[in-house]
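Peer 1: Can you keep this structure in mind? I'll have questions shortly.
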Amino acid sequence: HRLSSLGIRRCNLGSAGICSLSSSLIHARFIKKIDLSNNNIDGDSIRELVKALYLNHDLEELNLAGNSIGGENNAGCLALAALLQKEQSTLKRLNLRRNDINDSGAIILAESIKENRSLTHLGLGGNIAITSAGWNALSKVVCNPSSIATTYFCNHTLSVVTCGHLHYPLPRPSLELNKLPNKIQVARQKIFQHHFQRENFRIEPFIDMEA
């Protein structure tokens, strides 16, 4: 019988506990959902967890809320970035709320999501050290209006990002568009919204884009 879901919440696993758990998860390659929220897990410990999960073929949800994966060295964010950049990633939901993530960590995560085609939900609320610099990096992942090419090749999958701000810092229309199943159509709609009304718009770069 394959283990499909694992929930260990508020158990103060810490570094020793997560390392022990990670050694077991290496063999649980078909688990779909993991909840390790509120367990005093730091960034260095997350690296061990990611090493185990990198071999997983079915993981769809990972809840790490209420831990401390952020920090000055950004070890946790760098480890998770490797997981998000994995070829044929299956991860759809990643909850990183209240994790002491700062701008540097947010930028690392943003870079890792650029070419990810599985993640639809990202929880970042409660990370009060993320300022406009971090949110701007995430916004450009969803829709970068610098040119037609950057808009076309941005992320068209991520559709929900929680941040806990009164004034939502990400482009809601682009996130809503990302919910549509036809990603070519999503890319085209973003291009129409951000480029066709400019006086200096040129159609040539758009002609050869894949239909």
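The values are calculated or read from the model by the stated rules, or taken from the named source; none is laboratory data. Just so it is clear, the structure is predicted and the values come from calculations on it, not from any experiment. Every residue, glycine as well, gets a Cβ built from its backbone with ideal geometry; the counts of neighbours run over all protein chains shown. Protein only, heavy atoms only, side chains kept; ligands, DNA and RNA dropped before computing areas. Shrake-Rupley method; radii C 1.70, N 1.55, O 1.52, S 1.80 Å.
Peer 1: I want to make sure I understand the PRE zone here: with the label point 7 angstrom from the Cα of Ala129 toward its beta carbon, which residues in the stretch 14-33 have backbone N atoms less than 20 Å away?
Peer 2: Answer for this model: 14-15.
Peer 1: In addition: Out of Leu6, Ser104, Asn39, whose Cα points farthest toward the positive end of the dipole of the stretch 1-112 (charges: +1 Lys, Arg; -1 Asp, Glu; placed on Cβ)?
Peer 2: Leu6
Peer 1: Here's another thing I want to ask about it. Considering only protein heavy atoms, what per residue accessible area in square angstrom results for the chain with a 1.4 angstrom probe?
Peer 2: The answer is 52 Å² per residue.
Peer 1: Can you list the GluC sites (Glu not before Pro) in the stretch 107-200 that are in a DSSP coil and have 12 or fewer other beta carbons within 10 angstrom?
Peer 2: Counting only loop positions with at most 12 other Cβ atoms within 10 Å, the GluC sites (Glu not before Pro) in the stretch 107-200 are Glu199.
Peer 1: Here's another thing I want to ask about it. With the full set of protein chains in place, find how many percent of the accessible area of the stretch 1-115 is carbon and sulfur; take the probe as 1.4 Å.
Peer 2: Answer for the stretch 1-115 is 45 percent, counting heavy atoms of protein chains only.
Peer 1: Does the stretch 1-114 come out rounded, prolate or oblate, given a ≥ b ≥ c as the square roots of the eigenvalues of its C-alpha gyration tensor, rounded meaning a/c under 1.5 and, failing that, prolate meaning a/b above b/c? List each step's numbers first, then the result.
Peer 2: Numbers: a/c = 1.73, a/b = 1.19, b/c = 1.46.
Verdict is oblate for the stretch 1-114.
Peer 1: Taking a label point 7 Å from the Cα of Glu87 along the Cα→Cβ vector, which residues of the stretch 113-146 have an amide N closer than 19 Å to it?
Peer 2: Output list for this probe position: 113-119.
Peer 1: Would you mind telling me the antiparallel percentage of the DSSP bridges in the chain, rounded to 5?
Peer 2: Counting only bridges with both partners in the chain, antiparallel ones make up about 0 percent.
Peer 1: Give me the percent relative contact order of the stretch 62-159, please, defined on Cα pairs under 8 angstrom at least 6 residues apart.
Peer 2: Here the relative contact order equals 28 percent.
Peer 1: Another question about this same structure. With respect to the cross-link table entries Lys32/Lys140; Lys33/Lys190; Lys86/Lys183, which display a Cα-Cα separation exceeding 26 Å?
Peer 2: Flagged as over cut-off: Lys32/Lys140; Lys33/Lys190.
Peer 1: On to the next question. Kindly state, to the nearest 0.05, the FRET efficiency for Glu61 paired with Tyr168, given R0 = 25 Å and r defined as their beta-carbon distance.
Peer 2: 0.60
Peer 1: Sticking with this structure for a sec: Placing +1 at every Lys and Arg Cβ and -1 at every Asp and Glu Cβ, with all other atoms neutral, what dipole size does the chain have around its Cα centre, in debye to the nearest 20?
Peer 2: With only Lys, Arg, Asp and Glu charged at Cβ, the dipole is about 560 debye.
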